[in-house]
Amino acid sequence: MYQHVKILHISDLHIEGLPARRYAEVEKSLAVVKARLIAARPDLVVVTGDLTTHGSAKVEDLVLAKDWLDALDMPYLVVGGNHDLGSNQSRGMDYPETEFYEELPFHHTGFAQVFGTHMVETADLGVVEVMTINIRNGDPDGTIPILQKLVEAGTKPLLIFGHYPLVNVRERGILANFGFDEFIPDSVDLLRQAIIGSSRIRVYGCGHVHANTVRALSSECLQMSAGALGPGSSSYRVLSIDQNQLHYETVIGDGPLGFWERLVVDFHEDVEYHLGEPWERSGVWNLFTS
């Protein structure tokens, strides 16, 4: 049984087939980071979505992302982001090349077929349990009931990872309004309540916002987003776990440190907007409630 656990939380790689049409520098920055991830020798890698830019419409890009992860030669779990698994019909119609929505049960989608994953996946790491969730607007696949059943069946501290944040990650700028409203508006309240309704869920990890943030979902559960390894903010998290505590650290990648500069009023190279304040970059969180 694991007594000390290391998890790498990475997100938003945005891998594209060549020539890259949207993020031309991603391949180079990911090549540098790959060596660092391998050297870290984690027990598990969790990827919280947007592994690709066009994978929802181009299954071959999902295969490229799977090949990249397989080359790490370490256990990993993946979550489908809106670019890998279209979130809703409306966005699928508006952005058919990047957020194509498949009118299919989850297990028939390109994402599920390539990665061989289910709506909810679990990993028992001894001192903690990890779950990943794939959800689309309106929860047509029944992800939330499955999650609730699995949560109720266990007793260990639980870390859950999805793609979308469940509360806003910033009070100003674009990220004060970007996160879930346009993607899973009919599911976010139910998912949030399912997560904060269990005292054993201590962390909800996510991606999507291209920023490194920490927010409280409740007095017992932290929401932690990782940056975007590909287009920025180029960073990832190392979660080190012992019997009682989770230590989280932010590691800077090889890409740009900002992503939303053009959409943030008075940005002025405000690195904290993307990478977070010091307490968001590193800290300690108790795994057991008092």
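Bear in mind that the values in this text are calculations on the coordinates, not laboratory data. Here the structure is a predicted model, which is why all the values come from computation and not from measurement. FYI the Cβ positions are ideal-geometry reconstructions off the backbone, even for glycines, and counts take in every protein chain you see.
Details
- Note on segment 95-156: Cα-Cα pairs beyond 17 Å make up 48% of the total pair count.
- Per residue, the convex hull volume that the Cα atoms of segment 136-262 enclose (Å³): 108 Å³
- Net charge contributed by nearby residues that have their C-beta within less than 9 Å of A226 (K/R +1, D/E -1): 0
- Candidate lysines - alpha carbon under 21 Å from K6, same-chain residues fewer than 8 apart omitted: K34, K156
- Among beta bridges identified by DSSP and lying wholly in the chain, the antiparallel ones come to about 55 percent.
- For P75, net neighbour charge (Lys/Arg +1, Asp/Glu -1) across residues whose Cβ lies under 15 Å away: -3
- Distance histogram in 5 Å bins (all Cα pairs of the chain, percent per bin): 1, 6, 13, 18, 21, 18, 14, 7, 2, 0, 0
- Cβ-based net charge around A40, under 12 Å, with every Lys or Arg adding one and every Asp or Glu removing one: +3
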